[in-house]
1. Let's test the formula: R0 of 22 Å, r as the Cβ-Cβ distance of residue 42 and residue 71. What FRET efficiency results, to the nearest 0.05?
2. For region 45-119, just the Cα atoms, rotate onto the principal axes and tell me the three extents in Å, largest first.
3. I need the calculated FRET efficiency for the pair residue 122 and residue 32, taking r as the beta carbon distance and R₀ as 25 Å, to the nearest 0.05.
4. Which net charge results when you count Lys and Arg as +1 and Asp and Glu as -1 among the other residues whose beta-carbon is under 15 Å from that of residue 44?
5. Using modelled backbone amide H atoms (1.01 Å from N, in-plane), which distant-in-sequence or interchain residues come within less than 5 Å of residue 129's amide H?
6. Given a Förster distance of 25 angstrom, what is the FRET efficiency for residue 139 paired with residue 90, based on the Cβ-Cβ distance and rounded to 0.05?
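Values quoted throughout were computed directly from the atomic coordinates according to the rules given, and no laboratory measurement underlies them. Computed from a predicted structure; not experimentally measured. Quick reminder, even Gly has a Cβ in these numbers, built from the backbone with ideal geometry, and neighbours come from all protein chains shown.
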Amino acid sequence: MPRCAPWATSNPARSSCAAPSDHTALTETDPIAAAGDRARRAGIRHWCEQGRALLAEDARGPVGYAVLEYTFFEQGFLTLLTVAPAARRQGVATRLLTAVEAACTTPKLFTSTNVSNQPMQHLLLSAGWRPAGLVHGLDDGDPELFYLRPPANLSRSSTLRTFPDTVIGKESRS
């Protein structure tokens, strides 16, 4: 299973693989987990322990995270991307999306979002992702839109299985 590993970047925007100890702080950035959803909290802990969560921080600490897995037909899949409400509309989601694209180790990278999630759809389309399909029945009355990041637009080689190991908004991680 791919885990985070050191990878240097010349990009001044930074990201890092969330450590297992980051799960509590990430829970506070996620409105669903912060509201007490036990399944989401358990998911965050699991993703951090498995090296699947990519963390965004600023001077206040964690402000969002993204989860990259390889469970969708053995292709990269952005399972979740969330930004704390106070940090939204500041480019955090764009930087996390770019970091996930850079970290993806497969020829294709997919994600999905509900039809009702207009901000995520706008983010994906503006970043060059393309609609790949629609599935009804996952959430009653709110179909799931699937998106594909065209392989030519992925920034990392499919032979690497690493996450960027720096922090968005910080020079280094202590």
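1. Details: r = 17 Å, r/R0 = 0.76.
With a Förster radius of 22 Å, E is 0.85.
2. Cα spread of region 45-119 along its principal axes, largest to smallest: 36, 31, 22 Å.
3. Working: r = 20 Å, r/R0 = 0.82.
Here the calculated transfer efficiency is 0.75.
4. Values: positive: 38, 40, 41, 45, 52; negative: 22, 28, 30, 37, 49, 69.
Surrounding charge for residue 44 is -1.
5. Counting only residues 5 or more places away or on other chains, the set is empty.
6. Details: r = 28 Å, r/R0 = 1.11.
Step by step, r from the Cβ atoms, then E = 0.35.
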